[in-house]
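To keep things clear, I will list the structure first and then write my remarks on it.
The values are calculated or read from the model by the stated rules, or taken from the named source; none is laboratory data. Given the structure is predicted, the values throughout are model-derived calculations rather than measurements. Neighbour counts are summed over all protein chains in view; Cβ atoms, including those assigned to glycine, are modelled from backbone coordinates with ideal geometry.
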Amino acid sequence: MRTESGQIFRLEDYQPSNYLIPEVVLDFRLNAEETLVTARLQVERIARAPADAPLILDGDGLVLEALAVNGTEAEPADYDASPDQLTISRLPASRRFELTIVTRIAPSKNTTLMGLYVSSGVFCTQCEAEGFRRITYFLDRPDILSVYTVRMEADRKDAPLLLSNGNPLESGDLADGRHFAVWHDPFPKPSYLFALVAGDLGVVKDRFTTASGREVDLGIYVEHGKEKRAAYAMDALKRSMRWDEERFGREYDLDVFNIVAVSDFNMGAMENKGLNVFNDKYVLADEDTATDVDFANIEAIIAHEYFHNWTGNRITCRDWFQLCLKEGLTVFRDHEFSANERSRAVKRIAEVRGLRAHQFPEDQGPLAHPVRPRRYREINNFYTATVYEKGSEVVRMLRTILGEDAFRAGMDLYFERHDGQAVTIEDFVKAFEDASGRDLSQFSLWYHQAGTPNVALSSRYDGKEKTLTVDVEQSVPPTPSESRKRLMHIPLAFGLVGPDGTDLDYQSVEGASVENGVIHLRKRRHQMVFKGVKARPVLSINRGFSAPVTLSVESRADEQLFLARHDSDPFSRWQALNTLLTDALIAASKAVRGGKKPVFEDELISVTIDLAADETLEEAFRALILSVPGEADVAREIGRDIDPDAIHTARGALLMAIAQAGSQTFRALYERLLDNAPFSPDARSAGRRALRNTLIEFLVLDSSSPEAAYRQFEDADNMTERAGALTVLAQHFHDTDVGRAALAAFEKRYRDNPLVLDKWFQIQAMIPSAATVSLLRSLMEHPHFSLANPNRVRALVGTFSMANQTAFHSADGEGYRLVAETVAALDSHNPQVAARLATAFRSWRSLEKGRREHARKLLAEMSKRTDLSRDLADILERTLA
Ligand code: ARG
Ligand code: ZN
């Protein structure tokens, strides 16, 4: 284990490599205990490198078995091999030469799930970001592009299936029950996109014909017996392939496209060229085992990894500082795909909720970093909501600023100009500047400057002059190592909503540039004057969440209520209500803390109920209307001296107030929504189920009885409604016989289905109770709990730390202790997952004093350990800084 928290990598230190590796031939003798890897590398010294430049190859825990240069065994004096590096100091004078490197690795002992490992008997790889160096010594950096040929041999019985990147070349039998296969990938690629899979798996096959007529064999490989559950993923794959052709003109480029689902995986999935490897959670689904959210995630992640074929693989990153070049852009593309397949407004609201829940706290805490970071210790810690989600928002703003056509022209130019290259964010932005003729230098700050900008607004209408004056001011709060901020270019979509709910026209505007319904803030302050506004408008601002900012709007509650009822932008309607509910919850929490009873305005409650019952709106939208801001959302808005118990009490009171006032309406609606049609995962049906699931909570609260939820639990013919009902039972009736019976029945039914059992762990991890910490401790002793499986750890401990505000932040510090102990136990096994779990502490400074002190102590204790991984040390250090 690496102990040093060590070296810092800096963007400004980037140097092109003195050596290139245009060709790689790999040979794997696969064996779980001991695999021999022979790598034949064609190496080329670049013209301007000195002839005696040493070649320094990366390794990670490797054992060198043999080394040859141009076929001759290397002299020990000519090289130096350590587990982490192979330095060859004497090399042939010719610029091109061949290296043969033999390493020995132990896949079955690889618990980090990086490099080559074994998951449920299947050999698989994860090489991004720096896992390839755990397989062989290499220039393991994304600007080294090589053409790979991969030969694998294994026991035919254990591993009848042998897959790698690209197209299959040949295969055949060998002596002693062994066999082999050779794959060739004609597209030069960085080592992080290398993949190999060998094992015994079932398969679903299909075909796809590209726009220009290429026939592609599609395969999704899953555990035997689970093939039926891959049907939805296959459907999503074909839709993604078509969509990328239609929307971005991007076609697939190999004869095969394979996806393999594995059960032990650090992340969601990986876009290896022609051989995507997936966490099986994002492949397997049917109505009995997966919720509608699972279906939607599968669709999004299948699309995401497929879209990487162009944004990531054909054009890759020069170095890991450019991670958002592929991730932010690809998230944007998968968001657009999902919006296209489902409801655009609902999708947008879900994205914004996700951004606020995950990226805002990151941006506002000690782990804040720019979308394109300038330094890192451990790159695995930068697969963050900022790089992915804010990175996507930045691309989205680019489209807002340029408009659809210029945006597409910029994308086309980017693909044309950089195909086959490893490039930077500057290259990306330049393509849009050149295609549109616009100067995007101020806009680029979104990539380089961390922190969530705040926009403060106030407006006044002059009825006599018919003018609306709007004062706007931007500010960006300081973040770690960036105390002074520069002014941003912030595009704010807006409307002037007139008394009848439609947008009012205006004759002219001065004070800021306005194009196509978008205000462009570029200065600290703008005073804008809209002339010729016929009636007093309500300003609807940041429509569709056109910029990822926080807003401080000086406006009256009745104006927000008006927008909630009448804004023509559905996102803004949801936002207006959400703002009002959040403000009400903040006030209520304050009341609770002061020993008072929380009260809520009748008008707020009734607008909520009216919108939920409005049949002109789609069900999924109404479900979002009813999912009142979560405890973490309220905590984030309060921002300091947070008391999670007070927030919980306040939110409970709000739910009860809505439940009681909506009693009749909700009951009738719930029955009306009952659908006797056979299950379908489509967006409309999913929306109906989502609304029913939000209603059931209000029904049980109103009746103070678990009965309705238990009935739904029993009668449900799909996982969405079954898990939804169980969640409500666990939240409100966990210490009743009915609650216990439902949990037991669920466990009994799904004990042998790991993905569903994860839901059982997850639902219990969210129980808001003083007893949850000890419940969790006993669940960690459950025969099916294991620290070795990341999905299980995330389901139980991850959910607890992220989605259980009162128990994780329990006042005695025991919730923190549980998470800290798990992090410490996990670290020697799987540092990446341990470090990710530790980020649960990132907002510790915003808590009230007692909790803050508990958290600080535990963090300090943890960081004193001498055997920390680099991953965890890095997170702890930054969290405490
Ligand atoms: N590139 C993968 C994706 O599409 C994620 C891989 C992350 N790997 C890691 N070791 N952090 O999102
Ligand atoms: Zn990605």
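Where in the stretch 752-793 are there helices (runs of 4 or more DSSP H), lying wholly inside it, with at least 3 residues that are hydrophobic (A, V, I, L, M, F, W, C)?
754-765, 772-779
When residues of the stretch 504-535 are filtered for being surrounded by fewer than 17 Cβ atoms within 10 Å (Cβ to Cβ) and in contact with a Gly (Cβ under 8 Å, 6 or more places away or on another chain), how many remain?
Of the residues in the stretch 504-535, 8 are surrounded by fewer than 17 Cβ atoms within 10 Å (Cβ to Cβ) and in contact with a Gly (Cβ under 8 Å, 6 or more places away or on another chain).
Considering (1) part of a loop (DSSP other than H, G, I, E, B); (2) of a type in the set (S, T, N, Q); (3) within 16 Å of ligand 2 (Cβ to nearest atom), say which one N380 fails and leave the rest.
(1)
In the stretch 761-770, which residues are buried (at least 22 other Cβ atoms within 10 Å of the Cβ) and closer than 14 Å to N789 by Cβ?
F761
Would you mind finding the one in P570, P480 that is farther than 18 Å from G463 by Cα and buried (at least 18 other Cβ atoms within 10 Å of the Cβ)?
Going through P570, P480 in turn, just one is farther than 18 Å from G463 by Cα and buried (at least 18 other Cβ atoms within 10 Å of the Cβ): P570.
Quick one: count up the residues across the stretch 224-233 that are buried (at least 19 other Cβ atoms within 10 Å of the Cβ) and under 25 Å from the mean Cα position of the chain (by Cα). Break it down stepwise before answering.
Of all residues in the stretch 224-233, those buried (at least 19 other Cβ atoms within 10 Å of the Cβ) come to 226, 229-230, 232-233.
Now restrict to residues that are under 25 Å from the mean Cα position of the chain (by Cα): 229-230, 232-233.
Total satisfying the criteria: 4.
For the stretch 38-49: of the residues being touching a residue at least 12 places away in the same chain (Cβ under 8 Å) and surrounded by fewer than 20 Cβ atoms within 10 Å (Cβ to Cβ), which is farthest from Q421 (Cα to Cα)?
At the first step, the residues of the stretch 38-49 found to be touching a residue at least 12 places away in the same chain (Cβ under 8 Å) are 38-47, 49.
Retained after the next criterion (residues that are surrounded by fewer than 20 Cβ atoms within 10 Å (Cβ to Cβ)): 38, 40, 42, 44, 46-47, 49.
Details: T38: 27, R40: 23, Q42: 19, E44: 17, I46: 16, A47: 19, A49: 21 Å.
Per the stated criteria, the residue is T38.
Please go through the stretch 302-316 and pick out each residue that is touching a strand residue (DSSP E or B) at 6+ places or on another chain (Cβ under 7 Å), within 11 Å of ligand 2 (Cβ to nearest atom) and either more than 18 Å from A233 (Cα to Cα) or at pLDDT below 95 (or both).
If the condition is that a residue be touching a strand residue (DSSP E or B) at 6+ places or on another chain (Cβ under 7 Å), within 11 Å of ligand 2 (Cβ to nearest atom) and either more than 18 Å from A233 (Cα to Cα) or at pLDDT below 95 (or both), then N313 is the only one that fits.
Got a sec? Which of L617, L655 is assigned to a helix (DSSP H, G or I), over 24 Å from the mean Cα position of the chain (by Cα) and within 24 Å of R565 (Cα to Cα)?
L655
Residue-by-condition table, conditions (1) crowded, with 21+ Cβ neighbours inside 10 Å; (2) among the β-branched types (V, I, T); (3) within 16 Å of ligand 2 (Cβ to nearest atom); (4) more than 28 Å from the chain's Cα centre (by Cα):
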| position | (1), (2), (3), (4) |
| --- | --- |
| G61 | no, no, no, yes |
| C127 | yes, no, yes, no |
| T149 | no, yes, no, yes |
| D155 | no, no, no, yes |
| N167 | no, no, no, yes |
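I want to confirm something. Restricting to the stretch 620-652 and keeping residues that are under 26 Å from the mean Cα position of the chain (by Cα) and part of a loop (DSSP other than H, G, I, E, B), which single residue is farthest from I349 (Cα to Cα)?
This residue is G639.
Go through (1) assigned to a strand (DSSP E or B); (2) touching a helix residue (DSSP H, G or I) at 6+ places or on another chain (Cβ under 9 Å) and name the single condition N31 misses.
(1)
Would you pick out the residues in the stretch 114-142 that are in contact with a strand residue (DSSP E or B) (Cβ under 7 Å, 6 or more places away or on another chain), aliphatic (A, V, I, L, M) and either away from ligand 1 (no atom under 16 Å from the Cβ) or over 15 Å from E33 (Cα atoms) (or both)?
If the condition is that a residue be in contact with a strand residue (DSSP E or B) (Cβ under 7 Å, 6 or more places away or on another chain), aliphatic (A, V, I, L, M) and either away from ligand 1 (no atom under 16 Å from the Cβ) or over 15 Å from E33 (Cα atoms) (or both), then M114, V122, L139 are the ones that fit.
Please enumerate the residues belonging to the stretch 810-857 that are more than 20 Å from V793 (Cβ to Cβ) and among the charged types (D, E, K, R).
Answer for the stretch 810-857, where residues must be more than 20 Å from V793 (Cβ to Cβ) and among the charged types (D, E, K, R): D812, R845, E848, K849, R851, R852, E853, R856, K857.
Hey, among the residues in the stretch 318-373 that are of a type in the set (A, V, I, L, M) and within 14 Å of ligand 1 (Cβ to nearest atom), which one's farthest from G249 (Cα to Cα)?
The residue in question is L323.
Which residue is farthest from ligand 2 (Cβ to nearest atom), if the candidates are limited to the stretch 253-282 and must be of a type outside the set (A, V, I, L, M) and farther than 23 Å from A385 by Cα?
D255
Looking at (1) buried (at least 19 other Cβ atoms within 10 Å of the Cβ); (2) more than 21 Å from S146 (Cα to Cα), can you tell me which one E246 breaks?
If we test E246 against (1) buried (at least 19 other Cβ atoms within 10 Å of the Cβ); (2) more than 21 Å from S146 (Cα to Cα), just (1) comes out false.
Pull up the stretch 283-301, narrow it to residues that are away from ligand 2 (no atom under 12 Å from the Cβ) and under 17 Å from the mean Cα position of the chain (by Cα), then point me to the one that is farthest from H335 (Cα to Cα).
Out of the qualifying residues, it is V283.
Of all residues in the stretch 299-317, count the ones that are more than 13 Å from ligand 1 (Cβ to nearest atom) and surrounded by fewer than 24 Cβ atoms within 10 Å (Cβ to Cβ).
2
Just give me the residues in the stretch 664-701 being in a helix (DSSP H, G or I) and charged (D, E, K, R), in sequence order.
Residues satisfying the conditions are R667, E671, R672, R684, R688, R689, R692, E697.
So which residues in the stretch 97-109 are under 25 Å from L41 (Cα atoms) and of a type in the set (S, T, N, Q), if there are any at all? Explain how you work it out, then say what you get.
First, the residues of the stretch 97-109 that are under 25 Å from L41 (Cα atoms): 97-107.
The answer is T100, T103.
Determine which member of the set E404, E362, E393 is within 16 Å of ligand 2 (Cβ to nearest atom) and under 27 Å from N297 (Cα atoms).
E393
Looking at D264, is it within 16 Å of ligand 1 (Cβ to nearest atom), in contact (Cβ under 8 Å) with a residue 24 or more places away in the chain and assigned to a helix (DSSP H, G or I)?
It is false that D264 is within 16 Å of ligand 1 (Cβ to nearest atom), in contact (Cβ under 8 Å) with a residue 24 or more places away in the chain and assigned to a helix (DSSP H, G or I).
Output the strands (runs of 3 or more DSSP E) that fall wholly within the stretch 54-159 and possess 3 or more residues being touching a helix residue (DSSP H, G or I) at 6+ places or on another chain (Cβ under 7 Å), or say none. Please lay out each step first, then the result.
Details: elements: 55-58, 63-69, 79-82, 85-88, 96-105, 115-119, 122-126, 146-155.
Per the criteria, 115-119.
Looking at the stretch 431-476, which of the residues that are of a type in the set (D, E, K, R) and over 20 Å from I519 (Cβ atoms) is surrounded by the most Cβ atoms within 10 Å (Cβ to Cβ)?
Within the stretch 431-476, the subset of a type in the set (D, E, K, R) is 433-434, 438-439, 460, 462, 464-466, 471, 473.
From the residues that got through so far, the ones that are over 20 Å from I519 (Cβ atoms) too are 433-434, 464-465.
Details: E433: 17, D434: 14, K464: 5, E465: 12.
Per the criteria, the residue is E433.
Could you count how many residues in the stretch 267-298 are within 13 Å of ligand 1 (Cβ to nearest atom), among the aromatic types (F, W, Y) and outside any strand (DSSP E or B)?
1
May I ask you to list the residues in the stretch 372-413 that are under 22 Å from Q832 (Cα atoms), of a type in the set (V, I, T) and in contact with a strand residue (DSSP E or B) (Cβ under 9 Å, 6 or more places away or on another chain)?
I379
Can you tell me which of A807, A873, A825, A835 is among the small types (G, A, S), buried (at least 22 other Cβ atoms within 10 Å of the Cβ), without any contact (Cβ under 8 Å) to a residue 60 or more places away in the chain and not assigned by TED's automatic domain parsing to the domain that holds T384?
Values: A873 fails: without any contact (Cβ under 8 Å) to a residue 60 or more places away in the chain; A825 fails: buried (at least 22 other Cβ atoms within 10 Å of the Cβ); A835 fails: without any contact (Cβ under 8 Å) to a residue 60 or more places away in the chain.
Only one candidate passes the filter, namely A807.
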